[in-house]
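The values are calculated or read from the model by the stated rules, or taken from the named source; none is laboratory data. Note that this is a predicted model, so its numbers are computed, not measured. A quick note on method: Cβ atoms are made from the backbone with ideal geometry, for glycine too, and the neighbour counts reach across all protein chains shown.
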Amino acid sequence: MTKAMVIYHSQEYGNTGKVAELVARGIREVGEIDVEMINTNDAQRVDMETLAAADGVALGSPDYASYVAGTIKQVFDDMFVANRAGLTVRGKPCVLFMTHGGGGKGIEPFKSMARHMELVADPFVCRGAPEQGCEGAIELGRALGRAILG
């Protein structure tokens, strides 16, 4: 089965987790895609072999002082090491999402970190809590789903 990963950092009941759920919903709406959700606040590290086996990935972070969460930065660091070791984790279809409470400038370094991925849509940035049917987040997931399914 086709597989997508939604990798994000969110505190318990946080806004980034809510957006991650909406992105996953959009991915599932497109077709038969198994979606694995990983909150790096809980998991800390993402298994790079699992990421290599995924057909696409959504990455999300809160904006922490105009930068991504440290656990999301760790994902990119681990991808670099895995790629050098021969695992194909780069070049996958990818979307980015970020939440913030008023800054919102962290998306630029986030996009820079993801330059080795195939960004298939403009990043989604959400200030505050997303509304339940937040169309922008759902459409971001749909864009990834369409890219995965071709």
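Things worth noting here:
- Residue match in the stretch 133-140 (condition: closer than 17 Å to I72 by Cα and free of Cβ contacts under 8 Å to residues at least 12 places away in the same chain): no
- Of the helices (runs of 4 or more DSSP H) lying entirely inside the stretch 6-67, the ones with 2 or more residues being over 18 Å from F124 (Cβ atoms) are found at 40-43, 48-53.
- Matching option when the condition is farther than 19 Å from M113 by Cβ, at pLDDT 95 or above and not acidic (D, E), among A69, A53, A20, A58: A53
- Applying the condition of being part of a loop (DSSP other than H, G, I, E, B), under 14 Å from the mean Cα position of the chain (by Cα) and charged (D, E, K, R) to the stretch 92-150 and asking which residue is farthest from V6 (Cα to Cα) yields D122.
- G86 meets the conditions (1) more than 21 Å from P130 (Cα to Cα); (2) in contact (Cβ under 8 Å) with a residue 24 or more places away in the chain; (3) not in a helix (DSSP H, G or I) in every case but one. The failed one is (2).
- Under the condition of being closer than 24 Å to R146 by Cα and either among the aromatic types (F, W, Y) or within 15 Å of the chain's Cα centre (by Cα) (or both), the residues counted in the stretch 77-91 number 4.
- Summed over the stretch 38-54, the residues that are surrounded by fewer than 16 Cβ atoms within 10 Å (Cβ to Cβ) and either touching a strand residue (DSSP E or B) at 6+ places or on another chain (Cβ under 6 Å) or free of Cβ contacts under 8 Å to residues at least 40 places away in the same chain (or both) give a count of 6.
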